[in-house]
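Comments concern the structure below.
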Amino acid sequence: MNDYIIEFKNVKKHFQLSQGGFGRNRKIVKAVDDVSFRVERGATFAVIGESGSGKTTMAKLLMKFEDITEGQILVDGEDISKIASKDALKAYRRKVQIVHQDPTSSLNPRKTIKEIIEEPLIVHKMGNQKERMDRVTELIQVVDLPVSYLDRYPHMLSGGQKQRVGIARAIALNSKLIVLDEPTSALDVSVQSKVIDLLKKIQKEFNLTYLFITHDLALVKNFADYVIIMQRGNLVEEGRTDELFLNPKQQYTRKLLKAIPVIGKEEQAFLDRIQLDDHTISM
């Protein structure tokens, strides 16, 4: 078995935008431009960048919501650009699931929590009614919510609780690869750390691989194993998280690090040592 569950090989995603009357002028937007990286099994791999950096487009390419312009994306050694039939796409979606940014908009308000978590099991024809109910009951407890919540509707839950439901739905099919698309950005700061702790627990329990899309370097520091930094569709820096935080080589990365909000003197002292005019950090 390949040690890498995801491989991006010189991936490009370009969009054509029409300008002027009747679309006579066309502008090419390079949302992802010749990006290559590999993700080890069981790791948390963070893709960091500001708005417009291409990180969300990369998640869409991996989920097959968009097709690549050039290059290859391999998942478990399979070239996903060759997935053509509905059945093949359905089988792929069972392998790769996503936790969306906004838990409120990602949950159907007309369905109970039980129905929301059960839905992927029904779509993929997994188990009979009793087996599905047993699985749903197990999942709601895995994400640390009471079983009684299964009869509730999304509007009856807090933001953090709704995101836990989204996580339960994402792991329902025993998928080994989960795309986390800014999973805490819509939550209060006090709730974010609890959701991250839950994701860590679930990852260890189910041997999951996370592709973590975020703009928040502060969250990444104690969550991700490996980081790539994106800017305007380009990969500008990559490395193990601890190494990148200690010795960022690119000016753009150092600026992102300097912008991290801090709450303690030790953190502030560390950020103060980051130099923006050269390629070193004085330690």
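The values are calculated or read from the model by the stated rules, or taken from the named source; none is laboratory data. None of these values were measured; they are calculated from a predicted model. So basically every Cβ, Gly included, is an ideal-geometry build from the backbone, and we count neighbours across all protein chains shown.
When only residues in the range 221-246 that are assigned to a helix (DSSP H, G or I) and farther than 20 Å from Y4 by Cβ count, which is farthest from the chain's Cα centre (by Cα)? Even if it seems obvious, please write down each step before you answer.
At the first step, the residues of the range 221-246 found to be assigned to a helix (DSSP H, G or I) are 221, 241-246.
Next cut, farther than 20 Å from Y4 by Cβ only: 221, 242, 245-246.
On the way: K221: 15, D242: 20, F245: 20, L246: 24 Å.
Filtering first and then ranking leaves L246.
Just the residues that are closer than 26 Å to K60 by Cα, aliphatic (A, V, I, L, M) and surrounded by fewer than 17 Cβ atoms within 10 Å (Cβ to Cβ), please, taken from the range 91-147.
Matches in the range 91-147: A91, I122, V123, M126.
Starting from the range 228-252, take each residue that is of a type in the set (F, W, Y) and list its partners that are not in a strand (DSSP E or B), counting only C-beta distances under 9 angstrom and pairs at least six apart or across chains.
Once the first residue is of a type in the set (F, W, Y) and sits in the range 228-252, its partners that are not in a strand (DSSP E or B) give F245/L217; F245/V220; F245/K221; F245/L257; F245/F270.
Going through L199, L157, L150, L177 one at a time, which residue ends up being crowded, with 19+ Cβ neighbours inside 10 Å, closer than 15 Å to Q101 by Cβ and at pLDDT 95 or above? Outline the logic, then answer.
Details: L157 fails: closer than 15 Å to Q101 by Cβ; L150 fails: closer than 15 Å to Q101 by Cβ; L177 fails: closer than 15 Å to Q101 by Cβ.
After applying the criteria, what remains is L199.
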